[in-house]
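The structure appears below as structure tokens.
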Amino acid sequence: MTTTATAPAPGAPISASRRRRKLGGSLGRYIFVRFLLIFPTVFILVTMVFIFMRLIGDPITAALGGRLGAEELAQRRAEAGYDRPIIVQYLEYLGQIFTGNFGTTLTDNQPVVEVLTRYGAATFELAFYALIVAFIVGIPLGMVAAAVRDRWGDAALRVFAILCYATPVFFSGLLLKLVFSVWLGWLPVSGRASVRTELALGRQDGATGIYLIDALRSGNPAYVSDVLQHAILPGITLGLLTAGIFLRLVRTNVIGTLSMPYVDAARSRGVGEYRLVRKHAYKPALIPIITVIGLQIAMLLGGAVLTETTFEWQGLGFQLTHYLAARDFVAVQGIVALLAVIVALSNFVVDIIAALIDPRVRY
Amino acid sequence: MVQKRTLRSRLGRLPVVHQLRQSVGLQRGMLIAGLVITGVFLFTAAFAPLIAPYGFAQLRGEDGLFGAQQPPSAEHWFGTTVGGYDVLSRVIWGAQTAFLVIVIAVLLSIFAGILLGLISGYIGGWIDRVLVVIADAVFAFPTLLLAIVAAIVISGGQSNLWGGVMAAAISITVVFIPQYFRVIRAETVRVKSEAFVESARVIGAKTPRIMFRHVFRNSTRTLPLIFTLNSSEAILTLAGLGFLGFGIQPTSAAEWGYDLNKAIADVTSGIWWTSVFPGLAIVLVVLGVTLIGESLNDLADPRLRTRRRAATTPADAVAATQPIAREELGEVV
């Protein structure tokens, strides 16, 4: 950390910028570099999770420690290979992940990938509803807030946005449940559908696991309305969290674009204020939303765990809490690692979409 | 003596005091509302033993057991929980737990994040690249999931007051380090190329001295903002952990998330007081802290600050080079 270490410092920015110039410009190159970045991201997260989980010892002792005798425990550990050196286990784990094997749960002996395919659809469906709510609520309100900037309407909307963020999803979920399901009795308390619908949808040929699609395909309006009724509260609960962020983002961006010179130029040409806001300020302000959706995927997944627990929505998050309670850390490790892959992949997709829409991103 | 004088002249430049003077109208109202709510929270946390009518794990009063799920009454203003605790007392004591976790988590992550950010930004090279990739990977991942993994490691899932507080705080720290790291690194890279850093190098100052004396002191301007944002996130993460059953045992300390978890079943049978009050406590504290953070953010960004007669302030120059709002949304600088 003495003078020798500082030597490369002045040179570093130059070489970095030169490299960027070389890579930028071509979309294909950009996509390629972004794609390569998936690997270190997944690798780091998987490694971190592995190290963390092994710090507490092996999963067998954690799951069955109190219930089995010492000898039987040792035998089970040897069978599963947990008595070998940690580095061997780590390399083996990396190899397994690379081939798509995320382990087998201890408590109910299922491949983690199986758990994902069975429950992932439910989480996806929930996230989809949440994004719809977030768009419907967040973007128009953000535009309104920017248009009435610094007046009472703006202040109220901003406090609303902060409240969306400040309310933990499980609390807003409980409140909605209390008011709309228990007191008013309008909507079901929990679950993804009533038992009869669930059975009928599961029996269908080629069921996707996404109930809305299955219900639509069945052509029975009773099923569709049942599925939608169950979706309203969880969707709103998780959606409001993201809606607050969209609101703030749209507001900030619209205010930013409204102070751009071209808006002033348009105003001086006599363009009306309404048209000014609609045509000149909104469109460029919406582009960053796409990038933010990418960041929201992580937040949606975290929020989904809590929302699913609140509403007993049988998705990945609900399953995760179930395994946590059972102290099945192989399952936890597998699900978390799998989610790391999903987050990295979806960030990649969002980056590409952003680059396609806005060429500035590529440079 | 010398130090005292500089202290006094610096009072006006202290983060919040300066912004309070700078603000006008609604923005000032939001800042003040945030300060008041946060003040009440800090007061409650500090004097919880004096304010709370009962202990957080107290089950019986002078005339026997409290009873489970009692509706609000004169003895128990907020009713009692399914476990027979007094809700009001647990809400008040919960402030103390939340405060402890925030302070420990934020201090730890500031310390680690600043150190790594300085090293990464100033020294550069492969260390910088590796650290940035790691930070980005952690940053992109769901906070709560990482915190769950960390909580399993640290406490094995359940623990006493200090074990639980430390577990929650450290798991939150793991998640927050990248945020401080990114900000301090970006600042360091900017400050590093300033003339005064070069001058220091020319006169032969050692790297650690330049890093901490010259670079670090000029890289701290965004810290108050991130501090407030992280405090609110820390409360939410703590509550989330508690809600998923990784909280602190009810006999060791009061924790709002844990109480909410126990209230899920109550809600279905129409018992509202066990969930509404701890939940409101979380919302209020996060709201207060976030109001402060939002106001600081807006005041630092000339595009968002409510215009005032006075001309430019130092914050304009700051924000002109680096709009904080964008960075905070995760845009890579």
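A residue that is within 11 Å of chain A (Cβ to nearest Cβ), hydrophobic (A, V, I, L, M, F, W, C) and over 20 Å from B:Phe141 (Cα atoms) can be found somewhere in the range B:171-191.
Let me confirm something: among A:Leu306, A:Leu286, A:Leu276, A:Leu295, which residue is under 24 Å from B:Tyr258 (Cβ atoms) and assigned to a helix (DSSP H, G or I)? So that I can check it myself, show each step before the final result.
On the way: A:Leu286 fails: under 24 Å from B:Tyr258 (Cβ atoms); A:Leu276 fails: under 24 Å from B:Tyr258 (Cβ atoms); A:Leu295 fails: under 24 Å from B:Tyr258 (Cβ atoms).
From the options A:Leu306, A:Leu286, A:Leu276, A:Leu295, the qualifying one is A:Leu306.
Is it the case that some residue within the range B:243-254 is modelled with pLDDT of 80 or more and more than 8 Å from chain A (Cβ to nearest Cβ)? Spell out the reasoning first.
Initial filter on the range B:243-254 (modelled with pLDDT of 80 or more): B:243-244.
Within this subset, residues satisfying the condition of being more than 8 Å from chain A (Cβ to nearest Cβ) are none.
No, that holds for no residue.
Please go through the range B:111-127 and give me each residue that is buried (at least 20 other Cβ atoms within 10 Å of the Cβ) and part of a helix (DSSP H, G or I), ordered by number. Those that are buried (at least 20 other Cβ atoms within 10 Å of the Cβ) and part of a helix (DSSP H, G or I): B:Gly113, B:Ile114, B:Leu116, B:Gly117, B:Leu118, B:Ile119, B:Ser120, B:Gly121, B:Tyr122, B:Ile123. The number of residues in the range B:119-148 that are among the aliphatic types (A, V, I, L, M), more than 7 Å from every other protein chain (Cβ to nearest Cβ) and without any contact (Cβ under 8 Å) to a residue 40 or more places away in the chain comes to 3. Which count do you get for residues in the range A:300-326 that are modelled with pLDDT under 80 and within 7 Å of another protein chain (Cβ to nearest Cβ)? Total meeting the criteria: 2. Could you tell me whether any residue of the range A:146-169 is in a loop (DSSP other than H, G, I, E, B), hydrophobic (A, V, I, L, M, F, W, C) and surrounded by fewer than 16 Cβ atoms within 10 Å (Cβ to Cβ)? Within the range A:146-169, one or more residues are in a loop (DSSP other than H, G, I, E, B), hydrophobic (A, V, I, L, M, F, W, C) and surrounded by fewer than 16 Cβ atoms within 10 Å (Cβ to Cβ).
Can you tell me which residue in the range A:160-180 is farthest from B:Trp256 (Cα to Cα), limited to those that are facing another protein chain (nearest Cβ under 8 Å) and free of Cβ contacts under 8 Å to residues at least 60 places away in the same chain?
Looking at the filtered set, the residue picked out is A:Leu178.
Apart from one condition, A:Ile357 fits all of (1) more than 18 Å from the chain's Cα centre (by Cα); (2) under 25 Å from A:Pro168 (Cβ atoms); (3) more than 11 Å from every other protein chain (Cβ to nearest Cβ); (4) β-branched (Val, Ile, Thr); the exception is (2). Figure legend. Inter-residue proximity from the range B:269-281: first residues facing another protein chain (nearest Cβ under 7 Å), second residues assigned to a loop (DSSP other than H, G, I, E, B), beta-carbon distance below 7 Å, spacing 6+ or different chains. Indicated pairs: B:Ser275/B:Ala263. All conditions but one from (1) touching a Ser or Thr at 6+ places or on another chain (Cβ under 7 Å); (2) under 30 Å from B:Ser232 (Cα atoms); (3) away from chain B (no Cβ under 13 Å) apply to A:Gln204; the one that does not is (2). Taking the criterion of being of a type in the set (Phe, Trp, Tyr) and loosely packed, with under 13 Cβ neighbours inside 10 Å, the only residue of the range A:263-286 that qualifies is A:Tyr274.
Answer with yes or no whether A:Val189 is part of a helix (DSSP H, G or I), buried (at least 16 other Cβ atoms within 10 Å of the Cβ) and under 27 Å from the mean Cα position of the chain (by Cα).
Working: part of a helix (DSSP H, G or I): no; buried (at least 16 other Cβ atoms within 10 Å of the Cβ): yes; under 27 Å from the mean Cα position of the chain (by Cα): yes.
When the stated conditions are applied, A:Val189 does not pass them.
When the range B:218-238 is filtered for residues that are under 17 Å from B:Leu107 (Cα atoms) and free of Cβ contacts under 8 Å to residues at least 40 places away in the same chain, only B:Thr220 remains. Looking at the range A:292-299, can you tell me whether even one residue there is within 11 Å of another protein chain (Cβ to nearest Cβ), surrounded by 23 or more Cβ atoms within 10 Å (Cβ to Cβ), closer than 16 Å to B:Leu241 by Cα and of a type outside the set (D, E, K, R)? Looking for residues that are within 11 Å of another protein chain (Cβ to nearest Cβ), surrounded by 23 or more Cβ atoms within 10 Å (Cβ to Cβ), closer than 16 Å to B:Leu241 by Cα and of a type outside the set (D, E, K, R), one finds none in the range A:292-299, hence no.
When B:Thr228 is tested against the conditions (1) more than 30 Å from B:Thr81 (Cα to Cα); (2) away from chain A (no Cβ under 14 Å); (3) buried (at least 19 other Cβ atoms within 10 Å of the Cβ), the lone failure is (2). Conditions first: (1) more than 22 Å from the chain's Cα centre (by Cα); (2) at pLDDT 75 or above; (3) more than 14 Å from chain B (Cβ to nearest Cβ). A:Val254 passes all but one, so which condition is the exception? Result: A:Val254 passes all but (3).
What tally of residues in the range A:88-120 results from selecting those that are touching a helix residue (DSSP H, G or I) at 6+ places or on another chain (Cβ under 9 Å), in a helix (DSSP H, G or I) and either at positive phi or not small (Gly, Ala, Ser) (or both)? Before the answer, list the steps.
Start the filter on the range A:88-120 by keeping residues that are touching a helix residue (DSSP H, G or I) at 6+ places or on another chain (Cβ under 9 Å), which leaves A:89-90, A:93-94, A:97, A:100-108, A:110-113, A:115-116, A:118-120.
This time we only want the ones that are in a helix (DSSP H, G or I), so: A:89-90, A:93-94, A:97, A:112-113, A:115-116, A:118-120.
Now narrow it down to the ones that are either at positive phi or not small (Gly, Ala, Ser) (or both): A:89-90, A:93-94, A:97, A:112-113, A:115-116, A:118-119.
Count: 11.
The values are calculated or read from the model by the stated rules, or taken from the named source; none is laboratory data. Here the structure is a predicted model, which is why all the values come from computation and not from measurement. All Cβ positions, glycine included, derive from the backbone under ideal geometry; neighbour counts span all protein chains shown.
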